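Trainee: After the structure tokens below, expect a handful of questions from me.
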Amino acid sequence: MMEQELNKIKIMFYEMEQELHKYKSLENIKPIKDLAEVIRKERKKQNLTLQSLSQLSGISYASLVKIESGDINFNFKILSQLLDTLGLKLWIE
């Protein structure tokens, strides 16, 4: 009887631990509306100028300025190129 209760508690603890891990892994997730800000912050964190990011990513300086200001509709290929260059990932749930 006591062992069954202990096993139930262990299972509950494990489930709670898994739930906590799930939430901890979500700490850095940002909504798509914050994409321009995320890109700008990551570029600055890596001490990259817009010009150097342009050279590394192959995306024009003018396009990067527009992307970071949120003023451009860009295709997935450009977004993918930019995120790859900065080492960022895009997740869809």
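Trainee: Could you go through region 3-17 and let me know if any residue there is surrounded by 10 or more Cβ atoms within 10 Å (Cβ to Cβ), free of Cβ contacts under 8 Å to residues at least 60 places away in the same chain and in a loop (DSSP other than H, G, I, E, B).
Mentor: Within region 3-17 (the criterion being surrounded by 10 or more Cβ atoms within 10 Å (Cβ to Cβ), free of Cβ contacts under 8 Å to residues at least 60 places away in the same chain and in a loop (DSSP other than H, G, I, E, B)), the answer is no, since none of the residues qualifies.
Trainee: Assess whether L64 counts as being surrounded by 10 or more Cβ atoms within 10 Å (Cβ to Cβ) and more than 18 Å from L90 (Cα to Cα). Before you say what the answer is, go through the steps one by one.
Mentor: Numbers: surrounded by 10 or more Cβ atoms within 10 Å (Cβ to Cβ): yes; more than 18 Å from L90 (Cα to Cα): no.
So L64 does not fit the description; no.
Trainee: Sticking with this one: Just to be sure, is K44 closer than 15 Å to L90 by Cβ, exposed (fewer than 14 other Cβ atoms within 10 Å of the Cβ) and not aromatic (F, W, Y)?
Mentor: In short, no.
Trainee: Would you call I29 outside any helix (DSSP H, G or I) and either exposed (fewer than 13 other Cβ atoms within 10 Å of the Cβ) or in contact with a Pro (Cβ under 8 Å, 6 or more places away or on another chain) (or both)? Show your work before the answer.
Mentor: Details: outside any helix (DSSP H, G or I): yes; either exposed (fewer than 13 other Cβ atoms within 10 Å of the Cβ) or in contact with a Pro (Cβ under 8 Å, 6 or more places away or on another chain) (or both): yes.
Judged against the criteria, I29 is a match.
FYI, it's all coordinate maths here, none of it is from the lab. Just so we're clear, the structure is a prediction, and the values are computed from it rather than from any experiment. Neighbour counts are summed over all protein chains in view; Cβ atoms, including those assigned to glycine, are modelled from backbone coordinates with ideal geometry.
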